[in-house]
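The values are calculated or read from the model by the stated rules, or taken from the named source; none is laboratory data. This one's a predicted model, so the numbers in the text were calculated from it and none came from an experiment. Here the Cβ positions follow ideal geometry from the backbone for every residue, glycine too, while neighbour counts run over all protein chains shown. The accessibility values were calculated without ligands, DNA or RNA, using every heavy atom of the protein model including side chains. Shrake-Rupley method; radii C 1.70, N 1.55, O 1.52, S 1.80 Å.
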Amino acid sequence: MRALAGILLFVGLSGALASQMRQEWLNRYNGPLNDFDQAFAVSVDAAGNVVSTGGSTQSGTGVDIVTHKYSRAGTLLWTARYDGPGGVRDVGVGVGTDAAGNVYVLGTSYGGAATIDDWVIVKYNANGTQQWARRYGGTGSDLATGLYVDAATGACYATGAVVGTGFENFAVIKVASDGALVWDFQYDRAGGNDRGLAVQALPSGVCYATGSMTGSGTNTDYATVRLSATGSLLNIAFYNGPGNGPDEARDLVLDPSGNAYVTGWSRAVGLFDDMATVRYGATLNQVWVARYNGPANNDDWANAIARDPAGNILVTGASVASGSGRDLTTVLYSAAGVQSAVQRYNGPGNQADEGTDIAVDPVGNAYAIGTSVGSGTFKDFVLLKYAPGLVQQYLFRYNGPSSSDDTPWQVAVNAGGDVAVTGMSRGVSTFDDYTTLLYRQDFPLAGSVTLASFGGSPTGLPVRVWLSPPGGAEPTWSGQATLDAQGRFTLPCPYTGKVDVRVKVGHWLRRRVADVDFTTSGAAASFALINGDVNDDNSVNVADFVALRSAFGSSSGSPNWNPEADLNGNGSVNVTDFLILRANFGLSGD
């Protein structure tokens, strides 16, 4: 099937092109000069709106930070360009949104001869109007690399490198939602180059950042810092691999307790690198190190890390194999650091394949992206969906219109299962173009509801449905359907794997069925609901008695008629309804 001017190749393990995970849309952006236009970061909000950013060339201002916002349907909502005071080169490298829909973009921006390259964070409101631009840096070529946005507060944490006395310092800053610089932190380990690459913060404001620092006699080492809510250094940890050579941390993820997981590549004994993943405790005490050496005993490196709801750790990158060159490789570890699964993907070109990013949805499905050489198509986008346990479910490839190099840089997934990918794709006569894709998922839930103590028809009654990770966790997605005459409904849901499903209908208490197993064909579940929740607060209590008493003796058309008080569905509120409520008094729903 064709999408715009490019070719999309889809392979689903179910074998059907009409499978329930699909590409919803693809948008390409070619800047005004048909020149360098590359997107490097993407975010997808709860409504499925997609924001991508990068760098785009135009006449007179050189390369500008260009940010696009698309609706869930793929409509371009707005475009914003940021040209720094130096008017030469500005490139966006990170993007995030807050709960109010504001957009925050991190980039490196030329400030002029006095400051050379600076960091910049730009805030746009939900409609794309610039609110402020906060610049930060020294007097040299500073480099911004990583952004984390606290969605609840709009606080931004950024990391990268700031040039000190001739060398780069590892740097982290916090910027408030109004653009004020809250604090900044710089660290010079041993007078060499030090650089942050990834940053994340806890709701408390305690911040973790990782990257690499030059040691004394150890080349570069993983370097991870833990900063207080006021930006002071609480802890610092270094990891020097067994080869005492270069060790480069690329990404980190936190768990709710403040344990930090860092991945990248580390020199083994000899000439080659391994994927190396380190778990640190809440004070950056090293808990374990897991190294992955591929089958060719050659170079292996990780670029990205994610954590699933069960606490498992996933890393993706590249690993050399005999006969297939580099393979896009994803490794799954338990929270204890035990390797439990490996997936290697060798593209049809049997050449260079590399994972660039990975994201996990609320129930543990993983989405790894990367670049993969096709058969006569050079490098293509590739997206792999893995079910929990790293079981491959779907594979998508995208080859741009020129069948030249295409590289996806970042993937994001929201609670509704919308998966956004952005990167660069070479056009026919447009050089590099921003390329952003959205994938959607719909797996049908066939539900059957039994409504206790009810003699009416369920036809048309609304049923609310919530999905959550197993174990009684808070819902991460909700939807609504209507019942038929037999109390059945069908609702498209966004997850595969085991989830807890809750349903509620009108004046019946909510019921949870645990561990409903969604496959690519969907799932089925039955629910028996308890009557008596007149005021729809998911409990049967005094407030329900009061509401029923107010409607007592009424029927449809009466001034005090309340259909939710007609518990048995016979068209009137009478003693039978009181008896139902009394029998279930004190009960609450799941």
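Numbers below:
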{"item": "Pairs, first within 16 Å of Leu227 (Cα to Cα) in region 251-267, second aliphatic (A, V, I, L, M) and modelled with pLDDT under 95, C-beta under 8 Å, six or more apart", "result": "Ser257/Ala282; Gly258/Ala282; Asn259/Ala282"}
{"item": "Lone qualifier among Ser372, Ser425 - being among the polar types (S, T, N, Q), in a strand (DSSP E or B) and without any contact (Cβ under 8 Å) to a residue 60 or more places away in the chain", "result": "Ser372"}
{"item": "Region 403-427, subset open to solvent by less than 20 Å² (accessible area, probe 1.4 Å), among the hydroxyl-bearing types (Ser, Thr, Tyr) and more than 22 Å from Asn365 (Cα to Cα), residue nearest to the chain's Cα centre (by Cα)", "result": "Thr407"}
{"item": "Condition met for Val499 (out of contact with any Pro (no Cβ under 6 Å at 6 or more places or on another chain), modelled with pLDDT of 95 or more and part of a strand (DSSP E or B))", "result": "yes"}
{"item": "Among the candidates Ser550, Ser554, Ser558, residue that is free of Cβ contacts under 8 Å to residues at least 24 places away in the same chain and crowded, with 18+ Cβ neighbours inside 10 Å", "result": "Ser554"}
{"item": "Number of the condition not met by Val287 [criteria: (1) among the β-branched types (Val, Ile, Thr); (2) farther than 15 Å from Thr159 by Cα; (3) open to solvent by less than 40 Å² (accessible area, probe 1.4 Å)]", "result": "(3)"}
{"item": "Options Thr277, Thr214: the member that is open to solvent by less than 40 Å² (accessible area, probe 1.4 Å), in contact (Cβ under 8 Å) with a residue 60 or more places away in the chain and either in contact with a strand residue (DSSP E or B) (Cβ under 9 Å, 6 or more places away or on another chain) or not β-branched (Val, Ile, Thr) (or both)", "result": "Thr277"}
{"item": "Top-ranked residue in region 303-357 [being part of a loop (DSSP other than H, G, I, E, B) and at positive phi; ranked as surrounded by the fewest Cβ atoms within 10 Å (Cβ to Cβ)]", "result": "Gly323"}
{"item": "Condition check for Ser228: out of contact with any Ser or Thr (no Cβ under 9 Å at 6 or more places or on another chain) and open to solvent by less than 20 Å² (accessible area, probe 1.4 Å)", "result": "yes"}
{"item": "Which numbered condition Ala473 misses (of (1) hydrophobic (A, V, I, L, M, F, W, C); (2) over 23 Å from the mean Cα position of the chain (by Cα); (3) modelled with pLDDT under 95)", "result": "(2)"}
{"item": "Residue selected from region 243-267 under the condition over 30 Å from Ala310 (Cβ atoms) and either β-branched (Val, Ile, Thr) or in a loop (DSSP other than H, G, I, E, B) (or both), by the criterion least open to solvent (accessible area, probe 1.4 Å)", "result": "Gly245"}
{"item": "Region 502-525 - residue that is closer than 23 Å to Phe454 by Cα and of a type in the set (Val, Ile, Thr) and, of those, most open to solvent (accessible area, probe 1.4 Å)", "result": "Val513"}
{"item": "Index of the failed condition, Leu438 passing every other in (1) open to solvent by less than 20 Å² (accessible area, probe 1.4 Å); (2) in a loop (DSSP other than H, G, I, E, B); (3) of a type outside the set (Phe, Trp, Tyr)", "result": "(2)"}
{"item": "Matching option when the condition is out of contact with any Asp or Glu (no Cβ under 6 Å at 6 or more places or on another chain) and either within 21 Å of Gly54 (Cα to Cα) or not polar (S, T, N, Q) (or both), among Thr145, Thr214", "result": "Thr145"}
{"item": "Residue ranges of strands (runs of 3 or more DSSP E) in region 95-203 with at least 1 members under 28 Å from the mean Cα position of the chain (by Cα) and surrounded by 24 or more Cβ atoms within 10 Å (Cβ to Cβ)", "result": "103-110, 117-124, 143-149, 156-163, 168-175, 194-201"}
{"item": "Hits in region 24-77 (condition: aliphatic (A, V, I, L, M) and closer than 21 Å to Val149 by Cβ)", "result": "Ala39, Ala41, Val42, Val44, Ala46, Ala47, Val50, Val51, Ile65, Val66, Leu77"}
{"item": "Condition check for Ser43: of a type in the set (Gly, Ala, Ser), without any contact (Cβ under 8 Å) to a residue 24 or more places away in the chain and either closer than 27 Å to Ser141 by Cβ or open to solvent by 10 Å² or more (accessible area, probe 1.4 Å) (or both)", "result": "no"}
{"item": "Meets criteria (within 28 Å of Gly456 (Cβ to Cβ), in contact with a His (Cβ under 8 Å, 6 or more places away or on another chain), open to solvent by less than 30 Å² (accessible area, probe 1.4 Å) and among the hydrophobic types (A, V, I, L, M, F, W, C)) for Val534", "result": "yes"}
{"item": "Qualifying residue in region 287-302 (condition: under 18 Å from Pro408 (Cβ atoms) and either in a loop (DSSP other than H, G, I, E, B) or touching a strand residue (DSSP E or B) at 6+ places or on another chain (Cβ under 6 Å) (or both))", "result": "yes"}
{"item": "Residue within region 14-32 that is among the hydroxyl-bearing types (Ser, Thr, Tyr) and at pLDDT 95 or above present", "result": "yes"}
{"item": "Verdict on Thr430 being open to solvent by 10 Å² or more (accessible area, probe 1.4 Å) and assigned to a strand (DSSP E or B)", "result": "no"}
{"item": "Matching option when the condition is open to solvent by less than 40 Å² (accessible area, probe 1.4 Å), assigned to a strand (DSSP E or B) and closer than 19 Å to Trp301 by Cα, among Tyr208, Tyr222", "result": "Tyr222"}
{"item": "Residues within region 231-242 that are outside any strand (DSSP E or B) and buried (at least 19 other Cβ atoms within 10 Å of the Cβ), tallied", "result": "1"}
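To keep it simple, each residue is scored yes or no on (1) assigned to a strand (DSSP E or B); (2) under 23 Å from Phe36 (Cα atoms); (3) out of contact with any Gly (no Cβ under 9 Å at 6 or more places or on another chain).
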{"position": "Leu384", "(1), (2), (3)": "yes, no, no"}
{"position": "Leu395", "(1), (2), (3)": "yes, no, no"}
{"position": "Gly416", "(1), (2), (3)": "no, no, no"}
{"position": "Val421", "(1), (2), (3)": "yes, yes, yes"}
{"position": "Gly447", "(1), (2), (3)": "yes, no, no"}
{"position": "Ser453", "(1), (2), (3)": "no, no, no"}
{"position": "Val465", "(1), (2), (3)": "yes, no, no"}
{"position": "Ala473", "(1), (2), (3)": "no, no, yes"}
